[in-house]
1. List the number of the failed condition for Val223; all other conditions in (1) assigned by TED's automatic domain parsing to the domain that holds Asn135; (2) in contact with a strand residue (DSSP E or B) (Cβ under 7 Å, 6 or more places away or on another chain); (3) not polar (S, T, N, Q) hold.
2. Can you confirm whether region 206-224 contains a residue that is buried (at least 21 other Cβ atoms within 10 Å of the Cβ), within 9 Å of the ligand (Cβ to nearest atom), of a type in the set (Ser, Thr, Tyr) and assigned to a helix (DSSP H, G or I)?
3. Condition first: free of Cβ contacts under 8 Å to residues at least 12 places away in the same chain, surrounded by fewer than 21 Cβ atoms within 10 Å (Cβ to Cβ) and within 16 Å of the ligand (Cβ to nearest atom). Can you find one or more residues in region 76-88 that meet it?
4. Taking Ala129, is it part of a loop (DSSP other than H, G, I, E, B), within 16 Å of the ligand (Cβ to nearest atom) and among the small types (Gly, Ala, Ser)?
5. Can you name the number of the only condition in (1) within 16 Å of the ligand (Cβ to nearest atom); (2) closer than 16 Å to Asp237 by Cβ; (3) out of contact with any Pro (no Cβ under 6 Å at 6 or more places or on another chain) that Arg143 fails?
6. Mind counting the residues in region 256-287 that are hydrophobic (A, V, I, L, M, F, W, C) and more than 13 Å from the ligand (Cβ to nearest atom)?
7. Taking only region 290-302 into account, find how many residues are part of a helix (DSSP H, G or I) and either within 16 Å of Asn175 (Cα to Cα) or without any contact (Cβ under 8 Å) to a residue 60 or more places away in the chain (or both).
Amino acid sequence: MRRALITGITGQDGAYLAEELVARGVDVHGATRSLDAWAQRLGSIADRVRPHAFHASDRASIRSLLDDVRPTLVFNLAGPSFIPACDEDPEAAGDVLGLSVARWLRTILEFDPSIRFFQAGSSEIFGHAASCPQNETTPRRPRNAYGAAKSFAYDMVRFFRERHALFACTGILFNHESPRRAPHFVTRKITLAAARIHLGLQDEVRLGDLDAQRDWGFAGDYVGAMRRMLDRDRPDDFVIATGRRHSVRELCEQAFAVVGMDYRDHVRVDPAFVRPGETHLLCGDPSKALNELGWRAETPFEVWVGAMVEADLAKASADS
Ligand code: GDP
């Protein structure tokens, strides 16, 4: 039987990935720094996944986790994901997002080199991208602490794959969203605000650059690409993206339209949320994932934005 270990399982992608693997008969174990949020974050899947606590900064902790679980697959999703927070503490970002990947791979090499390893990479490695759209050969130019750490992790995966023949892959994940997204990310900030404004619980929402664009997809689709990458005959890196860009303004239009409102009546631009060194040209070219994994982002923009607003309407009504 295949046994998967998912690190950072209480983050947005963890529950989707656990659902995907459990549905395919995989024995799923989840590791996280603290088990406090386990039931709340994993919801209906919580009792089908075995919990473990671990520290990504400690090789002994990684080793003892491998010893306890004896996985055949490791999905490494752990670490902070909010870019401004990483910029404020670049050492922590570098340690958990970058160095810890070297720790994992070295420990796997010593413990059991047949373990397959998936690394959650990021479009932020492209930063001020040299060309658009970005694919697996686009030069990396990270512009923030998060992107720099993810770029180091990408190099470590390739190093252990090429030098030590580990089955290690990076999914270069473009932004992916869902009702499980934390509320400080712009998608969820907007869908929660649209719901609360509709219910009369707040009047307006303050955002940064409305013209900023991202290649946004649905997180539930992206975990399917992670699984497929470890199901192949040989390890490789893949861009996982929709291939389409939208602006923050379009997100606002779409989310407020779901509740029959015009975003212009409720959205205010606040310079406090405008980012210095913003990366504008991030858009992935997912052709390799389509051709070699048979994967594509299935859920349209309108559908997942609508689902996020509906989920936030239910949540905001229940909380009020
Ligand atoms: P990121 O791409 O991982 O940083 O995801 P975010 O959801 O935090 O930001 C996506 C884009 O939305 C970036 O270009 C931000 O600059 C832009 N943005 C505009 N206004 C806001 C805001 O109020 N909050 C956040 N988080 N992002 C904003």
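The values are calculated or read from the model by the stated rules, or taken from the named source; none is laboratory data. In this text the structure is predicted, and so the values were computed from the model without any measurement. A quick note on method: Cβ atoms are made from the backbone with ideal geometry, for glycine too, and the neighbour counts reach across all protein chains shown.
1. (2)
2. No: zero hits.
3. Applying the first criterion (free of Cβ contacts under 8 Å to residues at least 12 places away in the same chain) to region 76-88 yields 85, 88.
Still in the list and also surrounded by fewer than 21 Cβ atoms within 10 Å (Cβ to Cβ): 85, 88.
Narrowing further to those that are within 16 Å of the ligand (Cβ to nearest atom): 85, 88.
Checking region 76-88: at least one residue is free of Cβ contacts under 8 Å to residues at least 12 places away in the same chain, surrounded by fewer than 21 Cβ atoms within 10 Å (Cβ to Cβ) and within 16 Å of the ligand (Cβ to nearest atom).
4. Working: part of a loop (DSSP other than H, G, I, E, B): yes; within 16 Å of the ligand (Cβ to nearest atom): yes; among the small types (Gly, Ala, Ser): yes.
Considered against the rule, which asks whether it is part of a loop (DSSP other than H, G, I, E, B), within 16 Å of the ligand (Cβ to nearest atom) and among the small types (Gly, Ala, Ser), Ala129 comes out as yes.
5. The single condition Arg143 does not satisfy is (2).
6. Initial filter on region 256-287 (hydrophobic (A, V, I, L, M, F, W, C)): 256-259, 261, 267, 269, 272-274, 281-283.
Filter again for more than 13 Å from the ligand (Cβ to nearest atom), leaving 256-259, 261.
Selection size over region 256-287: 5.
7. The first filter runs over region 290-302 and keeps only residues part of a helix (DSSP H, G or I), leaving 290-293, 301-302.
If we keep only those that are either within 16 Å of Asn175 (Cα to Cα) or without any contact (Cβ under 8 Å) to a residue 60 or more places away in the chain (or both) as well, we get 290-291, 301-302.
Selection size over region 290-302: 4.
Per-residue answers, yes or no, for (1) assigned by TED's automatic domain parsing to the domain that holds Met156; (2) under 18 Å from the mean Cα position of the chain (by Cα); (3) closer than 25 Å to Gly25 by Cβ:
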position	(1), (2), (3)
Arg41	yes, yes, yes
Ile45	yes, no, yes
Arg48	yes, no, yes
His55	yes, no, no
Arg63	yes, no, no
Pro71	yes, no, yes
Glu110	yes, no, no
Ile115	yes, no, yes
